[in-house]
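What follows is a set of notes on a single structure, which appears directly below.
The values are calculated or read from the model by the stated rules, or taken from the named source; none is laboratory data. Bear in mind that the values here come from a model prediction, so they are computed numbers and not experimental data. As a convention, Cβ positions derive from the backbone with ideal geometry for all residues, glycine included, and neighbour counts pool all protein chains shown. The accessibility values were calculated without ligands, DNA or RNA, using every heavy atom of the protein model including side chains. Shrake-Rupley method; radii C 1.70, N 1.55, O 1.52, S 1.80 Å.
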Amino acid sequence: MPGRNIVKQYQPDGYYHLYNRGLNKDDVFRDAEDYRYFEWLLDRTVGPEQKNDKKGRPFTWLGDQIKLDAYCLMPNHYHILVNQSAEKGISQLMRTLGTAYTYYANKKYGRRGPLFENVYRAVLVEDDGQLMHLTRYIHLNPHDYKKWAYSSFSDYLGKPRPWVNVEVLMSYFNSPRQYRRFVNDYEEMQRERETLKRQLADNI
């Protein structure tokens, strides 16, 4: 039986949570340069305009098919939230990112073979509530999420980069401050819940 969220049925104008992790759960981002390179790949692939290599040849560009709404890069995995207008957009995106980043990492670290697990996972977002919660979940991945440099959390707090599409999600909030509170309140609630569970366990 295939693993959860491996079998994918894509639809145009759908929002999808995409994620993958390193082979054998190994780290895929080892230093700041690695994170920045993957972010550059996102910009290159789904940014507002097509980019060329040093010889003037165009890179694969899907900015007219895919909008990147949120993301977070962690040492051994990543989360990406996208909206696609074309049915095949996500397949092309994940193939492009996986191939380009694996080539980069293998060359940099003198390794061979696959870097990520063979099959990335994809979850169709069913409604607006799930969409809002998903951005919060993605941004809360790092323990120090308020200072974590490799996510789109700061884009939602006032200065979005051209390749991060915050307009749709921010339409649910009156201001960046309200979005910050939306994320922080959930983090505080989770912390209180964990404290309560420990207290209950101590009393059993």
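For the stretch 61-200, the gyration tensor built on C-alpha atoms gives an oblate shape. Its axis ratio a/c (a ≥ b ≥ c) is at least 1.5, and a/b is not larger than b/c. Taking trypsin sites (Lys or Arg not before Pro) across the stretch 82-111, the ones in a DSSP loop with at most 15 further Cβ atoms lying within 10 angstrom of their Cβ are 88, 111.
Accessible surface computed residue by residue for the stretch 1-142, with neighbouring protein chains in place and a 1.4 Å probe, gives 53 Å² per residue. Overall shape: oblate for the stretch 36-75, with the ratio a/c of the largest to smallest alpha carbon gyration tensor axis at 1.5 or above and b/c at least equal to a/b.
Of the solvent-accessible surface of the stretch 79-146, computed with a 1.4 Å probe and all protein chains present, 50% belongs to carbon and sulfur.
In the structure shown, the pairs 55/159; 54/146; 51/159; 55/108 are assessed against 29 Å; a Cα-Cα span above that value is assigned to 55/159; 54/146.
Placing unit charges on the Cβ atoms of the charged side chains and taking the dipole of the stretch 55-102 about its Cα centre, the candidate lying farthest along the positive direction among 81, 96, 66 is 96. Shown are 161, 36, 112, whose ranking by accessible area with a 1.4 Å probe and every protein chain present, most to least, is 112, 36, 161.
Would you please give the FRET efficiency between residue 51 and residue 27, computed as 1/(1 + (r/R0)^6) with r the Cβ-Cβ distance and R0 = 25 Å, to the nearest 0.05? E between residue 51 and residue 27, to the nearest 0.05, is 0.35.
Assuming a ≥ b ≥ c are the square roots of the Cα gyration tensor eigenvalues, decide whether the stretch 1-142 counts as rounded (a/c under 1.5), prolate (otherwise, with a/b larger than b/c) or oblate.
Verdict is oblate for the stretch 1-142.
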